[in-house]
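To keep things clear, I will list the structure first and then write my remarks on it.
The values are calculated or read from the model by the stated rules, or taken from the named source; none is laboratory data. Remember, predicted model here, so these are calculated numbers, not experimental data. No Cβ is skipped: glycine too gets one built from the backbone with ideal geometry, and neighbour counts run over all protein chains shown. Heavy atoms of the whole protein, side chains included, go into the accessibility calculation; ligands, DNA and RNA do not. Shrake-Rupley method; radii C 1.70, N 1.55, O 1.52, S 1.80 Å.
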Amino acid sequence: MSETNSKAFRIFGFQRVGKTPIVPLSVKILTVFVLLILISTLFTNFITLIFTQRQTIALTDDILVYQLSDMYSTASSQFQISLYSQKQEDSIQAIKETAARDFTKKHSVAMGVFPDGRFLFLTRADTLTTWGTFNDKAALDFMNQSKEKADQSGNSDRVEGSVTFSSPYGAEYRGVYKYHPDWKCYLIRAEDTSDRKSEMFSIYLKISIIILILTIGFVFVGISVLNRLLSNIGKFTSEVYELQQSQANENSEPSQVTRAPIDLSSAPNDDITYLAANFNDLYVNTANLRNIFQKFVSKNVVDTAYHDHKVELKGEQRQLTILFTDIKSFTSRTEVLGNDIIRLLNIHYNSIIGIIQPGGASDLNHSKAFIGSLIGDAVLGVFGINGEKSAENPEKSVDAVNCAWAMTKHTKKFREKMDDKKKELERLGRFTAEAKKVYEAVRLEIGVGIDGGEVFYGNIGSNRYMANTVIGDNVNSASRIEGLTRVYKLPVLVSEYVMNEIKLVPEAAERYEFFEIDTVQVKGKVEGKKIYFPLDRHMDDEDYAAEYTEEKFRDFEEGLKAYYKGDWKTARAGFKRSNLEVAQVFLERMGLKSAPAGWKGIWTMTSK
């Protein structure tokens with residue numbers, strides 16, 4: 001649409017929802033009103049013309065009778081003159097001239113017709129064609145019959161009346177006739193009926209044009225008046241349209257306070273404002289329910305319910321990345337804090353959930369993760385649900401590792417705040433034994449385990465109660481890997497699946513260096529699973545950057561290779577050089593012993 005057309009579109013109050021134009025109510029009302037008035041006016045005008053035409057015909061007949069009377073008198077006098085002068089042609093010409101003076105229409109005609117159809121004379125306003133004889137036998141028979149009846153009744157001098165006849169060329173004429181006994185012919189004065197119709201339709205057309213011009217003028221005036229009277233409807237429509245556009249934004253988050261979409265501060269006290277007020281109330285209630293709903297289930301479930309108006313018990317196999325995190329030593333913290341553990345959990349969840357959910361602390365959270373579930377102190381995050389079902393989406397694993405480190409660093413900062421609070425209490429001499437217990441309980445530390453692969457994603461339960469969840473071996477594996485963070489004294493551990501996906505993303509592959517930590521056979525499994533530590537080369541935390549260096553992990557790698565081969569003596573040397581906490585785990589595991597017989601390099605866990 002051009003800019004000019006777009007401006008005109010806005011002037012008349014039209015808006016678009018996508019490509020669909022929304023017709024303003026004022027235009028609809030005015031259109032219906034104008035059409036009804038226009039049809040009524042034109043139809044009334046037409047009926048008036050029909051009745052006027054009848055009056056015009058009667059008036060025309062009166063005029064024709066008058067003109068015929070004048071022509072009849074001329075014919076009588078000219079007959080006497082012709083007898084005296086013996087110049088009949090001159091007398092006929094004089095009759096024709098007298099008749100022609102009264103012609104007012106394009107096809108006016110005057111004639112003298114003998115009973116056998118021959119012409120005594122014929123004069124016409126239209127001289128382009130000639131008539132040989134009076135060829136309308138029906139009209140001629142009608143006049144002859146009229147003469148016969150008059151003769152029989154003794155009224156031969158009153159042979160007159162109206163007559164309709166056709167020309168040799170098909171034109172229809174209507175006129176009056178009177179029998180002249182001297183000339184022994186019928187004198188006829190007639191008009192072509194097409195002239196009358198033409199005049200009627202000419203008048204009708206002129207009146208219709210005037211009506212249309214006035215109507216167009218009244219339309220603009222009506223639009224102006226109605227737009228003033230219904231101005232709030234356009235305003236309400238614009239505000240509702242903006243609301244619809246904002247809801248169509250997939251990245252929109254639930255707001256803490258729902259604002260009524262339609263501003264009624266300056267609205268008049270009428271039924272439209274009443275409807276708008278009810279709409280505001282309905283919208284606020286619905287939006288609040290939606291916001292509450294979204295806090296209990298994932299956003300994609302809310303969107304499905306909002307757009308499809310239903311949530312079904314169904315699911316599908318998807319390639320997803322699963323993040324599992326919980327608080328270490330949570331049971332002992334609960335014993336110290338009691339009911340206050342809920343406040344601590346809410347503070348912790350507020351930051352953790354904010355990181356996992358879209359728009360959180362992770363700058364590269366493209367996969368729009370959602371919280372799969374909250375289980376006590378544990379959080380299950382699911383990444384990749386909004387990606388293509390069949391296409392590879394390695395970004396989901398990148399997002400998961402980004403979030404893992406963001407959560408780890410955020411929790412570390414919380415511990416540092418508690419350390420500062422401890423120092424302040426020590427300075428004031430208020431760091432009692434009880435305060436020390438609380439300090440140690442609130443000084444949270446988390447572990448994060450990440451795995452991925454094909455899992456079931458969908459809604460399970462019944463038609464009365466259902467839950468949106470992920471189920472699969474890789475979900476359980478993420479939980480097992482998180483448990484290993486306590487064993488290996490590392491904040492984040494991932495599976496080989498996650499490592500391989502991240503290596504497919506150039507920027508992430510440059511940022512993260514993966515070091516193998518161990519091959520573990522978890523409880524309930526018969527095969528070993530490799531676990532990795534994702535070292536962040538862009539680490540902005542000084543403590544983590546100093547503790548986890550590539551040099552230390554290179555030494556650890558040498559020790560791990562020897563450990564796998566069963567050369568535990570060389571493995572001890574490598575682990576000691578690395579000076580990592582995870583290395584101490586292996587040193588304690590090996591002790592001073594040699595590798596057992598049949599050693600395969602796989603450590604078997606005896607607990608979940």
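Short version: ³J(HN,Hα) in whole Hz for each residue of segment 586-592, in order, from phi by Karplus 6.51 cos²θ - 1.76 cosθ + 1.60 (θ = phi - 60°), x for Gly and Pro, what are they?
My calculation for segment 586-592 gives 6, 5, 5, 5, 7, x, 9 Hz in order.
Expressed as a whole percentage, what fraction of the accessible surface of segment 538-586 belongs to carbon and sulfur atoms when a 1.4 Å probe is rolled over the protein heavy atoms?
On the way: 1220 of 2680 Å².
Summing carbon and sulfur atoms, their accessible area is 45 percent of the total for segment 538-586.
How much of the accessible area of segment 469-535, probe 1.4 Å, is carbon plus sulfur, in whole percent?
50
Of 409/437; 412/530; 147/184; 489/552; 417/437; 147/178, which ones are farther than 19 Å apart at the Cα?
Where the Cα-Cα span goes over 19 Å, the pairs concerned are 409/437; 412/530.
Report ³J(HN,Hα) in whole Hz for each residue of segment 35-40, in order, from the Karplus equation J = 6.51 cos²θ - 1.76 cosθ + 1.60 where θ = phi - 60°; Gly and Pro get x.
4, 5, 5, 5, 4, 4
May I ask you to evaluate 6.51 cos²θ - 1.76 cosθ + 1.60, the Karplus curve with θ = phi - 60°, for each residue of segment 552-557 and list the ³J(HN,Hα) values in order in whole Hz, giving x for glycine and proline?
Coupling constants for segment 552-557: 5, 6, 5, 4, 5, 4 Hz.
Leaving out same-chain residues fewer than 8 places away, which aspartates and glutamates sit with a Cα under 16 Å from that of residue 576?
Straight-distance partners of residue 576: 547, 550, 551, 555, 557, 558, 567, 588.
Counting only residues 5 or more places away or on other chains, whose amide H sits under 5 Å from the amide H of residue 126 once H atoms are built in the peptide plane?
Excluding prolines and chain starts, which carry no amide H, the hits are 108.
Cα gyration tensor of segment 473-608, axes a ≥ b ≥ c as square roots of the eigenvalues: rounded (a/c below 1.5), prolate (a/b > b/c) or oblate?
Working: a/c = 1.81, a/b = 1.19, b/c = 1.53.
Verdict is oblate for segment 473-608.
Hey, if we sort 182, 399 by accessible area with the 1.4 Å probe, largest down, what's the order? Display every interim value, and only then the final one.
Numbers: 182 65, 399 0 Å².
Most to least solvent-accessible, the answer reads 182, 399.
Would you work out what percent of the accessible area of segment 396-450, with all protein chains in place, is carbon or sulfur (probe 1.4 Å)?
Numbers: 1310 of 2700 Å².
On segment 396-450, the fraction of accessible area on carbon and sulfur atoms equals 48 percent.
Suppose every Lys and Arg Cβ carries +1 and every Asp and Glu Cβ carries -1, with no other charges. What dipole size does segment 379-489 come out with about its Cα centre, to the nearest 20 debye?
Result for segment 379-489 is approximately 780 debye, rounded to the nearest 20.
How much accessible area per residue does segment 65-118 have, in Å², with a 1.4 Å probe?
Values: 3050 Å² over 54 residues.
I get 57 Å² per residue for this part.
Modelled label-to-label distance, residue 101 and residue 593, 7 Å Cα→beta-carbon offset: nm?
14.9
Tell me which residues come under 5 Å, amide H to amide H, from residue 327 once H is placed; ignore anything under 5 positions away on its chain.
none
Using the Cα gyration tensor of segment 157-206, with a ≥ b ≥ c the square roots of its eigenvalues, what is the shape: rounded (a/c below 1.5), prolate (a/b larger than b/c) or oblate (neither)?
Verdict is prolate for segment 157-206.
Leaving out same-chain residues fewer than 8 places away, which aspartates and glutamates sit with a Cα under 14 Å from that of residue 197?
Straight-line reach from residue 197, under 14 Å: 172.
Taking amide hydrogens as modeled 1.01 Å from N in the peptide plane, which residues meet the under 5 Å criterion relative to residue 185, leaving out close sequence neighbours?
The answer is 180.
List the aspartates and glutamates whose Cα sits under 15 Å from the Cα of residue 422, skipping any in the same chain fewer than 8 residues away.
Here the aspartates and glutamates satisfying the reach criterion relative to residue 422 are 434, 440.
Might you tell me the accessible area per residue for segment 476-572, computed with a 1.4 Å probe and given in Å²? Before the final figure, lay out the partial values.
Details: 4500 Å² over 97 residues.
Normalised by residue count, the accessible surface of segment 476-572 is 46 Å².
How many Å² of accessible area per residue for segment 119-164, probe 1.4 Å?
Per residue, segment 119-164 has an accessible area of 61 Å².
At 0.36 nm per residue, and after removing the present C-alpha to C-alpha distance, how many nm does the segment from residue 415 to residue 507 gain when stretched out fully? Before the final figure, lay out the partial values.
Numbers: separation 92, 0.36 × 92 = 33.12 nm, distance 3.08 nm.
Difference between extended and current length: 30.0 nm.
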